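The values are calculated or read from the model by the stated rules, or taken from the named source; none is laboratory data. What you are looking at is a predicted structure, and each value in this text was computed from that prediction instead of being measured. When we count neighbours, we look across all protein chains shown, and the Cβ atoms used for this are built from the backbone with ideal geometry, even at glycine. To get the accessible areas, we keep the full protein, side chains included, count just its heavy atoms, and leave off ligands, DNA and RNA. Shrake-Rupley method; radii C 1.70, N 1.55, O 1.52, S 1.80 Å.
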Amino acid sequence: MAFLRIRTTVDERPGRLASLAAALAARGGNILGLSVQSDADGTVDEFVADIPAGPETVREALEAAGGRRVQVVPATAHELTDEPTRALLLASRLRSMPWRLPELLAELLRADDARWIYGEAVSDLPDPTQLVVPVAPRRAVRLRRAELPFTLTEAARAASFARLAQPAEAGAAERAIKLSDGVEVTVRPLTSIYREAVRDLHDRCSPESRRFRYFTSMPALPARTFDRLCDRSRGFSLVAGHDGQVVAMANLMFTPDPGIAEMAFLVEDRWQGLGLGTAMARMLVRSARDLGYAEVKATLLSDNARMRRLLLSLGATLGYTEDPGVMEGRLPVGTMVSA
């Protein structure tokens with residue numbers, strides 16, 4: 001006896017499922033699992049059966065019973081777990097670890113491979129053995145399964161599963177942070193209403209602080225750059241306020257590298273060294289995790305000792321780039337050192 005996963009497309013006619021079950025029974029098969037799925041050109045019946053007949057014999061029997069595009073692949077006893085229970089367990093894992101979305105989607109659909117893809121426009125691919133699951137306007141998970149094409153029902157399941165990893169508005173609520181000197185600041189998402197306040201922040205920052213942030217002593221933030229920082233399709237940014245002024249800004253930018261976001265900070269000089277940058281960094285990393293990113297990186301000038309200490313305190317790995325004056329820190333979002 002051998003476990004087989006058997007899938008066949010059938011026309012919607014009374015008695016068709018019974019005919020398929022009878023064909024399997026005639027070959028000594030014991031049906032241990034059954035699911036019925038919708039697809040573009042009919043209903044897909046999927047069986048997990050313990051059956052002595054070989055895959056070719058099973059395929060011929062089901063074709064004779066009215067099945068179309070019959071596919072038979074090996075299965076294991078592990079696949080006999082109750083499907084609703086399995087899906088709920090995976091959903092629970094996803095809610096606690098949303099950055100593992102590709103891996104958990106692969107488990108849900110028993111895919112051979114799952115990985116992030118990133119681009120200006122993400123659309124479905126014509127290959128039925130590939131499934132693209134949108135996560136954001138320019139980010140998706142691509143699944144591959146060589147032996148069994150994905151059905152429309154599976155695509156709907158994957159889309160619903162992916163939505164569990166997407167908070168309605170990641171990090172949208174304001175948060176009060178008490179600094180090491182006892183002063184309290186309020187951190188909020190950056191929006192266009194802070195345009196003048198961010199301009200004033202740049203005016204108050206020293207040339208060195210601006211150089212550490214932009215790699216040049218930028219006296220003012222160009223309007224197009226500010227607009228880009230406010231664009232939620234490009235990233236997620238925070239501002240810290242005290243007494244009517246913005247005293248710090250933290251930016252999380254989406255990058256062309258799948259699953260990777262980049263963060264950067266500008267903290268007014270007199271507010272540095274009080275823990276504000278570290279607190280905002282932790283908020284950005286948590287937002288990146290909730291948005292489905294696997295890793296956050298930061299590019300910094302090698303003489304930016306304060307930023308180096310901040311990244312090391314979070315658990316990031318530092319290394320030099322091709323430019324000896326520039327370093328890069330990389331932090332898997334699931335390994336951030338707790339406060």
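Mind pulling the per residue volume of the convex hull built on the Cα atoms of the range 147-241? Å³ is fine.
With only Cα atoms used, the range 147-241 gives 197 Å³ per residue.
Hey, what do the phi angles of the range 228-235 turn into as Karplus ³J(HN,Hα) couplings, whole Hz, using 6.51/-1.76/1.60 and θ = phi - 60°, x for Gly and Pro?
Here the 3J(HN,Hα) series is 5, 5, 7, 7, 5, 7, 9, x Hz.
Give me the net charge for the shell around A223: Cβ to Cβ below 11 angstrom, other residues only, Lys and Arg +1, Asp and Glu -1.
Taking every Cβ under 11 Å from that of A223, the sum is +3.
What is the angle, in °, between the Cα long axis of helix 195-204 and the longest principal axis of the Cα atoms in the chain? Nearest 10 is fine, range 0 to 90.
Between helix and principal axis, roughly 50 degrees.
Sort 91-98, 61-68, 290-297 by the packing proxy (mean of other Cβ within 10 Å over each peptide's residues), most packed first.
By packing density, highest mean first, the sequence is 290-297, 61-68, 91-98.
Can you run phi through the Karplus equation (6.51, -1.76, 1.60; θ = phi - 60°) for the range 38-48 and list ³J(HN,Hα) in whole Hz, with x for Gly and Pro?
Ordered by residue, 3J(HN,Hα) equals 8, 9, 4, 10, x, 9, 9, 9, 10, 10, 10 Hz.
So, with a 1.4 angstrom probe, what is the percent of accessible area on the chain that is carbon and sulfur?
That share works out to 53 percent.
Where only protein heavy atoms count, and the probe is 1.4 Å, what is the accessible area per residue for the chain in Å²?
48
Taking θ as phi - 60°, what are the ³J(HN,Hα) couplings along the range 275-286 by the Karplus curve (6.51, -1.76, 1.60), each to the nearest whole Hz, with x for Gly and Pro?
Rounded to whole hertz, the list is x, 5, x, 5, 4, 5, 4, 4, 5, 5, 5, 5.
Counting only residues 5 or more places away or on other chains, whose amide H sits under 5 Å from the amide H of S237 once H atoms are built in the peptide plane?
Distant-sequence amide H within range of S237: L190, L252.
Run lengths n ≥ 4 of DSSP H only: what is the helix-derived mean residue ellipticity at 222 nm for the chain, with -39500 (n - 2.57) per run over all residues, to the nearest 500?
The helix-only estimate for the chain comes to -9500 deg cm²/dmol at 222 nm.
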